[in-house]
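This report concerns only the one structure given below.
The values are calculated or read from the model by the stated rules, or taken from the named source; none is laboratory data. Remember, it's a predicted structure, so these values are computed and weren't measured experimentally. Cβ placement follows ideal geometry from the backbone for every residue including glycine, while neighbour counts extend to all protein chains displayed.
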């Protein structure tokens, strides 16, 4: 219903951001990472949103980027992970760190989040890794020069998988990863650099 809201920050506190747009103050639940980027009074900003309606509650979640929003939607698609838990995960690690943890099967990083047990972390990695692979498969095979394990250990393919799963087109992901790989060969740094190139 609400894709994004563009307006002025009129209030913020831990976990919340209020953005005034068109005479309406939108009360948004946000991650610590979103609050760090957007929590300044008077700041004109665009906040990407997800409206959650349940039998007992209506909540509007806010995100500093399309990628953070997409990661939130991925996390809440996992059985047993609700909006609050997803925000807690996004508060504990940035999008690139989470993407790396998922594509590399690193459950330890996710299980460090307060309230996330080992089984939940394993379920998140298992389900989202599968989704990432399906997203890449649906968008077409990765270029042969990028997919050769003897050339890069599959790092480029993993990076592209992570970016595509966050809603970035395969072409844009390929270009961003290719540029990032000129600077580093480490997966987390490649994803971080690639995501920075999409910062709006």
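Name the residues in region 1-27 that are in a strand (DSSP E or B) and without any contact (Cβ under 8 Å) to a residue 24 or more places away in the chain, would you?
Matches in region 1-27: 13, 16, 18, 20, 21, 24, 25.
Among the candidates 58, 53, which residue alone is free of Cβ contacts under 8 Å to residues at least 12 places away in the same chain and within 25 Å of residue 127 (Cβ to Cβ)?
So the residue among 58, 53 that is free of Cβ contacts under 8 Å to residues at least 12 places away in the same chain and within 25 Å of residue 127 (Cβ to Cβ) is 53.
Need a quick list: helices (runs of 4 or more DSSP H) entirely within region 148-198 having at least 1 residues that are modelled with pLDDT of 85 or more.
Fully inside region 148-198 and qualifying: 155-165, 170-180, 187-196.
If residue 109 passes every condition in (1) surrounded by 23 or more Cβ atoms within 10 Å (Cβ to Cβ); (2) over 30 Å from residue 20 (Cα atoms) but one, which one does it miss?
(1)
Can you tell me which residues in region 117-129 are surrounded by fewer than 20 Cβ atoms within 10 Å (Cβ to Cβ) and touching a helix residue (DSSP H, G or I) at 6+ places or on another chain (Cβ under 6 Å)? Lay out the reasoning, then the answer.
Let us first name the residues in region 117-129 that are surrounded by fewer than 20 Cβ atoms within 10 Å (Cβ to Cβ), namely 117-119, 122-123, 126-127, 129.
Passing the criteria: 118, 122, 129.
Output the residues belonging to region 90-102 that are under 10 Å from the mean Cα position of the chain (by Cα), under 24 Å from residue 51 (Cβ atoms) and surrounded by fewer than 23 Cβ atoms within 10 Å (Cβ to Cβ).
Matches in region 90-102: 94 only.
Quick check on my filter: what residues within region 109-132 are touching a residue at least 24 places away in the same chain (Cβ under 8 Å) and more than 17 Å from residue 92 (Cα to Cα)?
Passing the criteria: 123, 127, 128, 129, 131, 132.
Mind checking whether some residue in region 73-89 is within 16 Å of residue 195 (Cα to Cα) and crowded, with 17+ Cβ neighbours inside 10 Å?
Just the residues of region 73-89 that are within 16 Å of residue 195 (Cα to Cα), to begin with: none.
There is no residue in region 73-89 that is within 16 Å of residue 195 (Cα to Cα) and crowded, with 17+ Cβ neighbours inside 10 Å.
Within region 31-49, track down each residue that is under 20 Å from residue 110 (Cβ atoms) and outside any helix (DSSP H, G or I).
Selection gives 31 alone.
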